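What follows is one structure encoded as structure tokens, with my remarks underneath.
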Amino acid sequence: MSVKLGVPSKGRLMEKTFQWFGERGITLSRAGSEREYAGQVAGIDGVELILLSAGEIPRELAAGRIHLGVTGNDLVQEKLVGWNAHVEAMAPMGFGQADLVLAVPSAWVDVGTLDDLDAAAAAFRQVHGFRLRIATKYHRLVREFLRDNGVADYALVDSQGATEGTVKFETAEAIADITSSGDTLRANHLKVLEDGLILRSQATLFRARQAEIGDADRAILAELLSRLQVS
Amino acid sequence: MPEKSAIIAEAARLRALFEQAGAVPVETAILQPAATLLDLYGEDIRARAYTTTDALKGEQMLRPDFTVPIVEMHMAHGAEPARYTYAGEVFRRQEDDPERASEYLQVGYEVFARDDSARADAEVFALIHRILEPLGLRAATGDIGILMAAVNGLRTTERRKAALRRHIWRPRRFRALIDRFSGRAPVPESRAALLAMDDPMAQAGPLIGLRDESEIAARIAALREDAKAAPISDAEVGLIDAILAVRETSLDALKQLRDIAKDLPAISAAVDQLAARLEALEGQGIDVAALHFEASYGRTQMEYYDGFVFGFTAEDRPDLPPVATGGRYDALTRRLGQGREIPAVGGMIRPGLALALGEAR
């Protein structure tokens, strides 16, 4: 047995995660070729590195198949119902910052707040005969946010990528998506609503609450967390 | 929870009681077209109902309640007046509370009748009351029609009233609108800046998407009109608050509402309706002096109930959902009837809960 650590399998998120662990004396690296999704851990014994898609890490944590995992809290909160019961956020890692925001065309000068969006949605439905469409891949977070804020007469449409383009393409009237600088939004003639911040997210180290663990591994996990200075 | 076979037997027993009261048993499909439900309840229904698709029929939902298909059935080929009963499973996704059932049986009784709605309200309530009497449940009642009438009677623009009516089942947004229309909440900065501009579209940049310039212009015109309208007076806001605060036994509630109606005559007809209903309930043997009434009862979960509403709960089991709920849903028949409508009132019992509580006693 070993303590299983799930880390995003590619890109900047992987590199930054490796760097974050490296700064704390734990060296993570890919095993073998660039294409192989297995990893190596140096600096501590009994820890196994598993490279996964960042989007799958929440599910693997909830299922208890990994003990620790690095992913964005946006993904954890979107994918896990009652996320707090399944995972514990051990440490924000200071990178991968992104905000989930609600954005509308910049030319909608009459819409600055959720209150405006709600009124515009009611009028839109009367004119067009269907509800104002919001493109997103964060269905649960967006729906909960809009329900809590009493916005009605909208419909969510699924968009798994290039969400900023859906308005110009006329498959949606507004979007809810992750943004870090807002450049992509501006380039696509979109603006964030003043009260349209749904969630602040960053890469976070999570611990699975329900993963099975033996006594030996429990000691290794404690040692790892203490080396990472997060316990 | 009791065995499923026992719950099915209890459902059959309850449905037979509703048949004895004059209802015709009906069945509805489990798969319901998602479009109808989404149109009625909006995106929120996706959080509560199971959605599935097939290539021919498109998006379908597992029946989250019986009311919608029964109203559709009645509007399509029902004779009047009509009484229906049904028993069957409903399906509810649970995103927040894993303890709540995601499928359970409901047994219901629905009355479609044009004459004497007070009597029909009383008939449905008293029938369910009699059936559940051995369980010693607490009955609560309310009437959304009174708040609706109060909104309609406000001395303000039709547009503001329409906005308030639209959010009558969303208390938080309703309150935010009241605060804004009465001048209690400050005008948002972006709104003030917009209203100060001569030609707001001048700097707007390229317009993308389906919502076009005429729609933006129409909303700006509406905002300008609204900015000129006088605020809803403190006195009227006070009356709305007073209505929402009514939480009494029925006869005391009636007295309070009569007092409020002196200053807000627009609710008089709705209060008369409450009085007529209490009389009809008394005629059915209900002790109205002890019956609880809350003017805001059912406002958060019972969208489309637009008059009398009620629920029966086990007081010593606050963890359980209501054993029975119901109310009047004239607005729903209007929405589904495509130009036609019929006054309707109904209620449903959850046989599983009724049985579990019965066994516990």
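Just so you know, all these numbers are worked out from the coordinates, no wet-lab data involved. Remember, predicted model here, so these are calculated numbers, not experimental data. Positions of Cβ are backbone-derived with ideal geometry, glycine not excepted, and every protein chain shown enters the neighbour counts.
Brief remarks on what is shown
- Mean sequence separation of contacting Cα pairs (under 8 Å, at least six apart), scaled by the length of chain B, corresponds to a relative contact order of 24 percent.
- Under 5 Å between amide hydrogens, built in the peptide plane, is the criterion, and for B:S182 it picks out B:I232 among residues at least 5 positions away or on other chains.
- Shielding by partners - mean other protein chain Cβ count within 10 Å, residues of B:157-166: 1
- For chain B, the longest principal axis of the C-alpha atoms and the axis of helix B:67-77 are separated by about 90°.
- Within chain B, helix-based [θ] at 222 nm, where runs of 4 or more DSSP H residues each add -39,500 (n - 2.57), nearest 500: -14000 deg cm²/dmol
- Pairs of alpha carbons in region B:7-105 whose separation is greater than 22 Å (percent): 39 percent
- Considering helices alone, the calculated mean residue ellipticity of chain A at 222 nm is -9000 deg cm²/dmol, with DSSP H runs of length four and up weighted by -39500 (n - 2.57) and normalised per residue.
- Computed across region A:98-201, the Kirkwood radius stands at 13.3 Å (inverse of mean 1/r, all Cα pairs).
- Estimated vicinal HN-Hα couplings, Hz - region A:41-56 in sequence order (Karplus 6.51, -1.76, 1.60; Gly, Pro = x): 10, 10, x, 7, 8, x, 10, 10, 9, 10, 8, 9, 5, 4, x, 8
- Qualifying GluC sites (Glu not before Pro) in region A:1-103, where qualification requires a DSSP coil assignment and no more than 12 other C-beta atoms within 10 Å, comprise A:E23, A:E34, A:E36.
- Distance violations [Cα-Cα > 20 Å] among A:K79/A:K137; A:K137/A:K168; A:K191/B:K161: A:K191/B:K161
- Amide H contacts under 5 Å for A:A155, placed H, 5+ residues apart: A:L132, A:R133, A:I134
- Highest GNM mean-square fluctuation among A:G11, A:G96, A:G22, for chain A modelled with Cα contacts below 10 Å: A:G11.
- Phi angles across region B:147-156 convert, under the Karplus curve 6.51 cos²θ - 1.76 cosθ + 1.60 with θ = phi - 60°, into 3J(HN,Hα) values of 5, 4, 5, 5, 4, 4, x, 5, 8, 8 Hz, Gly and Pro given as x.
- Across peptide A:164-174, the mean count of Cβ atoms from other chains lying within 10 Å of each residue's own Cβ comes to 2.
- Mean projected area in nm² (Cα convex hull; one quarter of hull surface) for chain A: 13.7 nm²
- Working from label points 7 Å from Cα in the Cα-to-Cβ sense, the A:D195 to B:Q301 distance is 2.7 nm.
- Residues whose amide H lies under 5 Å from that of A:R30, counting only those 5 or more places away or on a different chain, are A:Q40; hydrogens are built 1.01 Å from N in the peptide plane.
- Candidates B:R299, B:R119, B:R166: whichever shows maximal mean-square fluctuation once chain B is modelled as a Gaussian network with Cα springs under 10 Å: B:R166
- Counting Cβ atoms of other protein chains within 10 Å of each Cβ in A:140-152 and taking the mean gives 4.
- Cleavage-rule hits (GluC sites (Glu not before Pro)) in region A:119-226: DSSP loop, at most 15 neighbouring Cβ within 10 angstrom: A:E170, A:E212
- Longest stretch of chain B clear of exposed loop sites (GluC sites (Glu not before Pro), DSSP loop, at most 10 other Cβ atoms within 10 Å, sites excluded): B:100-314.
- Hydrodynamic radius of the protein assembly as shown per Kirkwood, over alpha carbon pairs, in Å: 27.4 Å
- Helix B:250-263 axis versus longest C-alpha principal axis of chain B: approximately 20°, rounded to the nearest ten.
- Rounded Å value of the spacing that divides the Cα centres of region A:102-135 and region B:1-70: 32 Å
- For region B:282-292, 3J(HN,Hα) computed residue by residue from phi via the Karplus equation (6.51, -1.76, 1.60; θ = phi - 60°) reads 4, x, 8, x, 7, 7, 5, 5, 9, 6, 7 Hz, glycine and proline entered as x.
- Calculated log₁₀ intensity ratio I(q)/I(0) where the Debye formula runs over C-alpha points of chain B, q = 0.08, 0.09, 0.11, 0.12 Å⁻¹: -0.47, -0.59, -0.85, -0.99
- Of the trypsin sites (Lys or Arg not before Pro) found in region A:176-231, the ones in coil according to DSSP and having at most 15 other Cβ atoms within 10 Å of their Cβ are A:R209.
- Taking the centroid of alpha carbons for each part, region B:239-288 and region A:140-196 are 45 Å apart.
- Between 0 and 90°, nearest 10: helix B:234-244 axis offset from chain B longest Cα axis: 20 degrees
- Here B:T51 and A:D148 are evaluated by their C-beta separation; at R0 = 25 Å the FRET efficiency comes out at 0.70.
- Rg/Rh for region B:273-361, where both radii come from Cα atoms and Rh is the Kirkwood radius: 1.02
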